[in-house]
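The values are calculated or read from the model by the stated rules, or taken from the named source; none is laboratory data. Every value quoted in this text rests on a predicted model; they were computed, and no experiment measured them. Neighbour counts run over all protein chains shown; Cβ positions are idealised from the backbone, glycine included. Accessible surface areas use protein heavy atoms only, side chains included; no ligands, DNA or RNA. Shrake-Rupley method; radii C 1.70, N 1.55, O 1.52, S 1.80 Å.
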Amino acid sequence: MSREDPLKAEKDYSATLDEQFPLIEKLTDYKAAVEKYLVLEKQTRQSSDVASSKRVLVKIVDTLAQNRDWEYLNELITLLSKKHGQLKSSIQQFLQSTIDKLELLSDDDKSELETKVKLIETIRTVSDKKIFVELERAIVSRKLSEIYLEKYDNLDKATEILCDLQVETYSLMTFSTKIDYILEQIRLTLKKGDYGQARILSRKILLKSLKNFEKADLYKATYLKDLNKIGYHENDFIDIVKNSLLLIEIPLIKEDKPQLDNLLVTIIYCIVLAPYDNYQSDLINKIKANSVFRKNVDAKIYDLLEVFTTNELIHWPKIEATYKEEYFSKNCMFRKESNYKNLQNRIVEHNLRVINKYYSIIRLDRLAYLLQLSNTESESYISELVSKGMISAKINRPEGIVKFDKVGKSESPDNINSLLNDWCYDVDKLLEEIDSIGHLINKEELMHGIKQKV
């Protein structure tokens, strides 16, 4: 059972060790030397001499590693870590020294690799659920994860080992190291295709915290790129735009011209693919006004922003003829058939919003002609946009007409009266609730007073 380091040792063994170490080092039999070190380890441990205990344990590790007796070292890791009264900092030093010696074992030699894995597993076992050696456990767990990934080609096991670490709770680990570990966890889960787990892991990092340390920009760029991969999988185009707008502000990205240009084009494509709402409308106008896009993006791609922010009908055949072969076919985003179909949907939705602004009543066949769709498809789009609250319309099938109500037209007396009535009802209901709460509080106070008297 390990214990906290004492404030003062019962006996100082530093002089004894200075005397004994040279004598022990002269022994030709390393096992005999280790036995003598173990005697000194017991004495220093029982006397609570932390500094001397650490020196002895380091000597044991050095001796066994030098003689490549990894099996004996593996046994001693378990044995010494469980010794009664073992000091916590001594165990920590012992494990650190062992971890440093793992580099002597080659990953290219099958036998040595197996030995290294065995040692790492032992360190993971003795450090499990022990806060004072959580950092050492994290280090060897990452090494083991890399071995399973690179040498055994076992992505699932590598991900399981690394993602088992809750590094955000480790008090002994520096903040930048925590970020590094979490980013590696996200990378492995993305490689595995587990986007749900990657999203959960990504919430452990706050963007505003990625600043004022050495690799802040690198980690921020990596994190935002990982979020974009999740966004692509979930077709969350608005999220991709938000993350990419942050990416292009990072000096590391600004200096990489090809990467910057690719991001700017991606932002434009994603913002036109994103479903329309107030936030999307605000973003697309901000992007359009940003001079960085005008200066660095091809004029025709930039024109897409103009097309989608102007209250004019967009003709799909013209868009297809202009962009399909020269631009869309060369971009990986539009190689996904669903995104190409999605662009057509956004154009139809845009056209419907424009028609809604200029028409009060229109014949269904005329509407279908303007939208370049069949009557059935036109009805379907109208129904979808009405359910989303983008437009307000009614279809009269017997007469074959569509009646549009102007969205936001609340200046009519009927609308004003209706709105005022709703507000009055809400205020009355609120006052009733407050009155009821007041009565309940008074009742509780009276009951409490009666109990006190009794």
>> Can you tell me which condition VAL167 does not meet? The list is (1) under 30 Å from LEU247 (Cβ atoms); (2) assigned by the TED database to the domain that holds SER97; (3) open to solvent by 50 Å² or more (accessible area, probe 1.4 Å), and all the others hold.
In response: (3)
>> Can you pull out every residue in the stretch 311-344 that is without any contact (Cβ under 8 Å) to a residue 40 or more places away in the chain and open to solvent by less than 40 Å² (accessible area, probe 1.4 Å)?
In response: ILE314, ILE319, TYR323, TYR327, PHE328, TYR340
>> Just checking, does the stretch 255-272 include any residue being free of Cβ contacts under 8 Å to residues at least 24 places away in the same chain and under 20 Å from ALA289 (Cα atoms)?
In response: yes
> Going by the conditions given, is LYS130 in the same structural domain as LEU113 (by the TED database) and either open to solvent by 80 Å² or more (accessible area, probe 1.4 Å) or among the basic types (Lys, Arg) (or both)?
Replying inline: yes
>> Need the failing condition index for ARG346 against (1) in a helix (DSSP H, G or I); (2) modelled with pLDDT under 90, just the number.
In response: (2)
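Scan LYS357, LYS295 and give me the residue that is at pLDDT 90 or above, open to solvent by 30 Å² or more (accessible area, probe 1.4 Å) and part of a helix (DSSP H, G or I).
Exactly one of LYS357, LYS295 is at pLDDT 90 or above, open to solvent by 30 Å² or more (accessible area, probe 1.4 Å) and part of a helix (DSSP H, G or I), namely LYS295.
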>> For the stretch 27-45, check the following and say yes or no: at least one residue is surrounded by fewer than 20 Cβ atoms within 10 Å (Cβ to Cβ), β-branched (Val, Ile, Thr) and over 26 Å from ILE120 (Cβ atoms).
In response: yes
> ARG363 versus (1) crowded, with 16+ Cβ neighbours inside 10 Å; (2) of a type outside the set (S, T, N, Q); (3) in contact (Cβ under 8 Å) with a residue 24 or more places away in the chain: which is the lone unmet condition?
Replying inline: (1)
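To keep it simple, each residue is scored yes or no on (1) of a type in the set (Ser, Thr, Tyr); (2) assigned to a helix (DSSP H, G or I); (3) over 25 Å from TYR358 (Cβ atoms); (4) touching a Pro at 6+ places or on another chain (Cβ under 7 Å).
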| position | (1), (2), (3), (4) |
| --- | --- |
| LEU246 | no, yes, yes, no |
| LEU264 | no, yes, yes, no |
| VAL272 | no, yes, no, no |
| TYR276 | yes, no, no, no |
| LYS286 | no, yes, yes, no |
| GLU306 | no, yes, no, no |
> Looking at ASP69, is it open to solvent by 10 Å² or more (accessible area, probe 1.4 Å) and closer than 18 Å to GLU35 by Cα?
Replying inline: yes
> Does TYR302 satisfy the condition of being surrounded by 11 or more Cβ atoms within 10 Å (Cβ to Cβ), at pLDDT below 95 and either among the basic types (Lys, Arg) or assigned to a loop (DSSP other than H, G, I, E, B) (or both)?
Replying inline: no
> Just checking, how many residues over the stretch 257-278 are farther than 24 Å from ALA221 by Cβ and exposed (fewer than 13 other Cβ atoms within 10 Å of the Cβ)?
Replying inline: 1
> Quick one: would you say TYR152 is assigned to a loop (DSSP other than H, G, I, E, B), of a type in the set (Ser, Thr, Tyr) and either open to solvent by 30 Å² or more (accessible area, probe 1.4 Å) or under 30 Å from ASN262 (Cα atoms) (or both)?
Replying inline: yes
> So which of LYS118, LYS143 is in a helix (DSSP H, G or I), surrounded by 15 or more Cβ atoms within 10 Å (Cβ to Cβ) and basic (Lys, Arg)?
Replying inline: LYS143
> Hey, any hits in the stretch 83-100 for a residue that's more than 20 Å from SER52 (Cβ to Cβ), open to solvent by 50 Å² or more (accessible area, probe 1.4 Å), of a type outside the set (Gly, Ala, Ser) and not in a helix (DSSP H, G or I)?
Replying inline: no
>> Which of the numbered conditions does PRO22 fail, given that it passes all the others? Conditions: (1) loosely packed, with under 13 Cβ neighbours inside 10 Å; (2) closer than 28 Å to LYS129 by Cα.
In response: (2)
